[in-house]
Amino acid sequence: MVRSYAPGVVPELLQTAGYAHAVAAIARPASTAQVQQQVELLMRRQHLLDSPAPPKLWAVIEEAVLRRPFGGTEVWRDQLDHLARMARRDNVTVQIVPDHVGGPAISTVPFTIYRFERPDVGDIVHLHHATGAQFLDDRIDLDAYHVIWDRFSVHAMPPEYTGELLTALTARRPATALPSAPVQRV
């Protein structure tokens with residue numbers, strides 16, 4: 001089981017190549033070749049979800065993230081369509097935290113909690129930050145992230161509403177004139 005939360009963006013395992021490219025270009029100053037390499041590596045990691053025995057992916061996404069057109073309207077629409085397709089898969093659960101929910105849980109750092117099939121291997125928390133990554137396996141850290149995750153999942157909308165919300169968001173967003181247009185106010 002992979003449980004993933006990323007404030008401000010769609011979690012990596014659910015990103016399209018265009019969206020990932022736009023986010024990577026903004027997040028870390030790098031050459032075009034470095035950004036392309038990062039995106040290619042991410043796309044290869046995503047193939048894990050298509051394997052014969054794929055892991056279960058459970059993502060919690062803030063509603064505001066879904067209105068940020070990284071890469072322009074076309075990339076944004078492709079991302080929302082991709083997210084809707086992924087949310088229909090048996091091994092993927094996507095929950096949206098509504099904008100009006102504030103306070104029950106918060107994390108300013110993207111994190112992923114990995115749970116392995118083997119009972120003798122404990123959970124691991126992966127933190128992704130501006131200068132690298134960190135892995136936590138200490139019981140106190142794990143307990144803290146489990147509490148944050150539980151609060152997110154309880155206060156997020158049930159997964160069966162994800163497709164409807166994505167359709168509504170796509171319908172409300174007018175097309176922009178340029179593919180890399182600046183962020184528009186909703």
_Scan the stretch 93-109 and tell me whether some residue there is hydroxyl-bearing (Ser, Thr, Tyr), under 14 Å from Pro11 (Cα atoms), more than 13 Å from the chain's Cα centre (by Cα) and surrounded by fewer than 19 Cβ atoms within 10 Å (Cβ to Cβ)._
yes
Condition set modelled with pLDDT of 85 or more and open to solvent by 90 Å² or more (accessible area, probe 1.4 Å), scope the stretch 148-178, selection farthest from Leu80 (Cα to Cα): answer is Arg151
Residue in the stretch 120-132 that is open to solvent by 20 Å² or more (accessible area, probe 1.4 Å), out of contact with any His (no Cβ under 6 Å at 6 or more places or on another chain) and touching a residue at least 60 places away in the same chain (Cβ under 8 Å) present
yes
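Taking the stretch 28-38, which residues are open to solvent by 10 Å² or more (accessible area, probe 1.4 Å) and in a helix (DSSP H, G or I)? Spell out the reasoning first.
Residues of the stretch 28-38 open to solvent by 10 Å² or more (accessible area, probe 1.4 Å): 28-34, 36-38.
Listed by number, the residues that qualify are Thr32, Ala33, Gln34, Gln36, Gln37, Gln38.
Residues are listed down the side, and each one gets a yes or a no for (1) more than 16 Å from His128 (Cα to Cα); (2) assigned to a loop (DSSP other than H, G, I, E, B):
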residue	(1), (2)
Ala20	no, no
Val23	no, no
Glu40	yes, no
His47	yes, no
Ala53	yes, yes
Val65	yes, no
Arg77	yes, no
Asp99	yes, yes
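The values are calculated or read from the model by the stated rules, or taken from the named source; none is laboratory data. Quick caveat, the model's predicted, so the values are computed rather than measured. Neighbour counts run over all protein chains shown; Cβ positions are idealised from the backbone, glycine included. Ligands, DNA and RNA are excluded from the accessible area calculation, which covers all protein heavy atoms including side chains. Shrake-Rupley method; radii C 1.70, N 1.55, O 1.52, S 1.80 Å.
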